[in-house]
Amino acid sequence: MSGETVRKQTPPRVPPNLDDYDKTYEAFSWARARTKLYGLPGGRGLNIAYEAVDRHVASGHGEAVALRCVGRDDSVTTVTYRELARSTARFAHVLRTLGVGRGDRVVTLLGRCPELYTVVLGTLKNTSVLCPLFSAFGPDPVAQRLRLSNARVLVTTAELYRRKVAARRAEFDDLEHVLIVGEGAEELPGTVALDALTAYASDTFTIPPTSPDDMALLHFTSGTTGTPKGAVHVHGAAVAHYATAHYALDLHPDDVYWCTADPGWVTGMSYGIVAPLMHGITLVVDEGDYDARRWYRILAEQRVSVWYTAPTALRMLMRTTPRTGPYDLPASFDLSALRFIASVGEPLNPEAVLWGRDVLGLPVHDNWWQTETGAIMIANFAACDIRPGSMGRPLPGVEAAVLRRGEDGRAEVVDGRVTLLQEPDAEGELALRPGWPSMFRGYLNDEERSRAAFAGGWYLTGDLVRRDADGWYWFVGRADDVIKSAGHLIGPFEVESALMEHPAVAEAGVIGRPDPVAGNIVKAFVSLRPGFEPTTATRQELLAFARRRLGPAVAPREIAFDQHLPHTRSGKVMRRLLRARELGLPEGDISTLEGTEGSA
Ligand code: ATP
Ligand code: MG
């Protein structure tokens, strides 16, 4: 699958932040990275909100634009760093007045409106803990997370509260305050209008001393492989947010940056709020939903220079404009400001990297991380060649390893020790050496699961990878998704990527279906691009195509057509649901299933 290497021929418009991988990796230390941050005045510790907002005002950049929010109606609201410093100060005072303090959980259930950014950063200023929920969650997933997080405060809108929370309010023992953004609080008993509280609050706030080990954020995982887990993150994570955005996203002071992930997910928080604001750049926020034309328009009109998105979004764009052309839609927009594209969340099929190169003029840089890691761990860097299909190499400061697997598919642990696989291309579980600042500090209220994530001095990621002879990492699959067939171990990603190279295939999800002879056979669920029909002939054609690419041992034996592959709300194919449906098993936790209200 390594295929061609995408060489960077055109010189970058700005000198890349990392141009010599080996040298940068060698020279890096987290202690030095920490010196790029300011710290709270008077040596009172490290607070994310100070680094993201107040420090820019203190250093004379208060008039720079922090947020450019594009409304659903295309109106644009700009917020400067000074304005953000003031509004977050007011919100911190509101919390303090309500008696909400250090470590108390504040949950948001909001769209990507300007107030969300105020509430997130104001909560951090107050040293309370922010837990963002995706606003499209239905009542069940919201209830599940409100309970699990022990929320004391919920900030939402009247409409979301009425539809998703009101009927079940009595279930949330810890929930004392519901603050309503915008109109409508008067008609909702047990709620208060946020505006009424902030109106008289002071717009200066002294951030209390904050330890880098103080809890800052609670993030629920995507629920791709099971029940979502609440990962605890601390203020000290800011060191990793800053450094990784510098190296992996190549942020420079003049950048206009757009992260398409919702802040309800860790990407939308770490790289949709914290890291870009720490870099003092202008952040584009789109309140609206995915629409190919709208997205190209935002890239063009807002003069976005760095764009961080996800494979699912790229695949949707690829549906509207195949690599074979014509490129009418993107060509009708001026994308000349764009200089760097990155992607995260799922494996990025090689086809998508090349699509970026051919259609947008820029290859897509894949990077890898998880809710638990808090920040990007492995990446393709701006100045380095790309190996399409590879997630790249470890960030400076990140020590990664491939561990030998045991019977259950996870890293083999014998007497508390694990075995590192050194030989090139050996497949094993990806592990990371604890010590990077944004490592989660455990799953909330679940010590057993937290402990199980570590063994032999490593954090075990649950993902299977191989590392090639030059140190590039290649995603094989999640430990839960890997298919054992006739003695072979097959990663669904490889099969899906091969299928996606066929012009008929828009997206694919691959699972193992139990089989008395082979153990499992590979079955692919495929959605088709416009203009292709789900006929026997198409199926035969795809089976033959996959056999040619992958060989008979790995190619799917069965292909089913499904225009509605199940996705998580963060856009990942839910293979466990495809498997459960195929086998008639219970669907399990579907609280993060896209297109439904979800149930826990
Ligand atoms: P859950 O842990 O609840 O099952 P999840 O693992 O999908 O859900 P996240 O933390 O949002 O929750 O996602 C991290 C996972 O996403 C990684 O462990 C990996 O499986 C996948 N992933 C992220 N980026 C990449 C990438 N570049 N290539 C391949 N897989 C990726
Ligand atoms: Mg996970």
### Task
Report the residue count in region 496-536 for those that are part of a strand (DSSP E or B), out of contact with any helix residue (DSSP H, G or I) (no Cβ under 8 Å at 6 or more places or on another chain) and over 14 Å from ILE483 (Cβ atoms).
1
### Query
surrounded by fewer than 22 Cβ atoms within 10 Å (Cβ to Cβ) and farther than 21 Å from VAL344 by Cα - does that describe any residue in region 461-471?
yes
### Residues that are out of contact with any strand residue (DSSP E or B) (no Cβ under 6 Å at 6 or more places or on another chain) and within 16 Å of ligand 2 (Cβ to nearest atom), drawn from region 356-376
TRP369, GLN370, THR373, ALA375
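In region 380-491, which strands (runs of 3 or more DSSP E) lie fully inside it and hold 1 or more residues that are among the aliphatic types (A, V, I, L, M) and within 24 Å of the chain's Cα centre (by Cα)?
Values: elements: 390-394, 400-403, 427-432, 458-467, 473-478, 483-485, 488-490.
The strands (runs of 3 or more DSSP E) meeting that bar are 390-394, 400-403, 427-432, 458-467, 473-478.
When the residues of region 29-44 are filtered to those that are surrounded by fewer than 17 Cβ atoms within 10 Å (Cβ to Cβ) and in contact (Cβ under 8 Å) with a residue 60 or more places away in the chain, which remaining residue is nearest to HIS56 (Cα to Cα)?
We begin by selecting, within region 29-44, every residue surrounded by fewer than 17 Cβ atoms within 10 Å (Cβ to Cβ); these are 29-32, 35-36, 38, 41-44.
From what is left, the residues that are in contact (Cβ under 8 Å) with a residue 60 or more places away in the chain are 29-30, 36, 44.
On the way: SER29: 24, TRP30: 22, LYS36: 13, ARG44: 18 Å.
Only one residue fits best here, namely LYS36.
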### Task
Would you confirm whether any residue within region 325-340 is of a type in the set (A, V, I, L, M), closer than 29 Å to LEU432 by Cβ and not assigned by TED's automatic domain parsing to the domain that holds TRP436?
no
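Among the residues of region 493-508, is there at least one that is among the hydroxyl-bearing types (Ser, Thr, Tyr) and over 20 Å from ASP425 (Cβ atoms)?
Our first condition is that a residue be among the hydroxyl-bearing types (Ser, Thr, Tyr); within region 493-508, this holds for 497.
If we keep only those that are over 20 Å from ASP425 (Cβ atoms) too, we end up with none.
No, every residue in region 493-508 fails to be among the hydroxyl-bearing types (Ser, Thr, Tyr) and over 20 Å from ASP425 (Cβ atoms).
Of everything in region 63-89, what is over 27 Å from the mean Cα position of the chain (by Cα) and either under 13 Å from TYR117 (Cβ atoms) or among the acidic types (Asp, Glu) (or both)? Give them in sequence order. Before you say what the answer is, go through the steps one by one.
So the first thing to find is which residues in region 63-89 are over 27 Å from the mean Cα position of the chain (by Cα), and the list is 63, 82-83, 86, 89.
Correct list: GLU63, GLU83, ARG86.
Please go through region 332-352 and give me each residue that is within 14 Å of ILE298 (Cα to Cα) and hydrophobic (A, V, I, L, M, F, W, C), ordered by number. Even if it seems obvious, please write down each step before you answer.
Step one: filter region 332-352 for residues within 14 Å of ILE298 (Cα to Cα), giving 332-338.
Hits for region 332-352 are PHE333, LEU335, ALA337, LEU338.
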### Task
Hey, can you tell me all the residues within region 299-318 that are over 17 Å from the mean Cα position of the chain (by Cα) and farther than 20 Å from SER570 by Cβ?
LEU299, ALA300, GLU301, GLN302, ARG303, VAL304, SER305
### Query
Does ARG478 satisfy being surrounded by fewer than 16 Cβ atoms within 10 Å (Cβ to Cβ) and modelled with pLDDT of 90 or more?
no
### Query
Does region 262-277 hold any residues that are assigned to a loop (DSSP other than H, G, I, E, B) and either of a type outside the set (A, V, I, L, M, F, W, C) or surrounded by fewer than 23 Cβ atoms within 10 Å (Cβ to Cβ) (or both), and which are they?
ASP262, PRO263, GLY264
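Looking at this structure, is ARG433 in contact (Cβ under 8 Å) with a residue 60 or more places away in the chain, over 20 Å from SER497 (Cα atoms) and among the basic types (Lys, Arg)? Lay out the reasoning, then the answer.
Details: in contact (Cβ under 8 Å) with a residue 60 or more places away in the chain: no; over 20 Å from SER497 (Cα atoms): yes; among the basic types (Lys, Arg): yes.
For ARG433, the condition - in contact (Cβ under 8 Å) with a residue 60 or more places away in the chain, over 20 Å from SER497 (Cα atoms) and among the basic types (Lys, Arg) - is not met.
For region 13-69, list the helices (runs of 4 or more DSSP H) that sit wholly inside it and hold at least 3 residues that are over 20 Å from TYR247 (Cβ atoms); which are they? Even if it seems obvious, please write down each step before you answer.
Values: elements: 21-27, 30-34, 55-58.
By residue number, 55-58.
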### Task
Check off (1) buried (at least 22 other Cβ atoms within 10 Å of the Cβ); (2) in contact with a Lys or Arg (Cβ under 9 Å, 6 or more places away or on another chain) for HIS241 and give me the number that stays unchecked.
(2)
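Would you point out which residue out of ARG303, ARG293 is free of Cβ contacts under 8 Å to residues at least 60 places away in the same chain and either on the phi > 0 side of the Ramachandran plot or touching a Lys or Arg at 6+ places or on another chain (Cβ under 6 Å) (or both)? Step through it out loud before you land on a result.
Working: ARG293 fails: either on the phi > 0 side of the Ramachandran plot or touching a Lys or Arg at 6+ places or on another chain (Cβ under 6 Å) (or both).
The unique qualifying residue is ARG303.
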### Query
Among ALA231, ALA240, which is within 16 Å of ligand 2 (Cβ to nearest atom) and hydrophobic (A, V, I, L, M, F, W, C)?
ALA231
### Message
Testing HIS219 on (1) crowded, with 20+ Cβ neighbours inside 10 Å; (2) more than 25 Å from PRO114 (Cα to Cα); (3) within 16 Å of ligand 2 (Cβ to nearest atom), one condition comes back false. Which one is that?
### Response
(2)
### Filtered residues of region 236-261 (kept if within 17 Å of LYS36 (Cβ to Cβ), away from ligand 1 (no atom under 14 Å from the Cβ) and either part of a loop (DSSP other than H, G, I, E, B) or more than 19 Å from the chain's Cα centre (by Cα) (or both))
GLY236, ASP250, LEU251, HIS252, PRO253, ASP255
### GLU501, sole failed condition from (1) surrounded by fewer than 20 Cβ atoms within 10 Å (Cβ to Cβ); (2) modelled with pLDDT under 95; (3) within 15 Å of ligand 1 (Cβ to nearest atom)
(3)
### Query
Here are some residues: VAL522, VAL573. Which one is surrounded by 22 or more Cβ atoms within 10 Å (Cβ to Cβ), within 16 Å of ligand 1 (Cβ to nearest atom) and at pLDDT 90 or above?
VAL573
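The values are calculated or read from the model by the stated rules, or taken from the named source; none is laboratory data. Worth saying up front: this structure is predicted, and the values here are computed from it rather than measured. Reconstructed Cβ throughout: ideal geometry from the backbone, glycine too, with neighbour counts over all protein chains shown.
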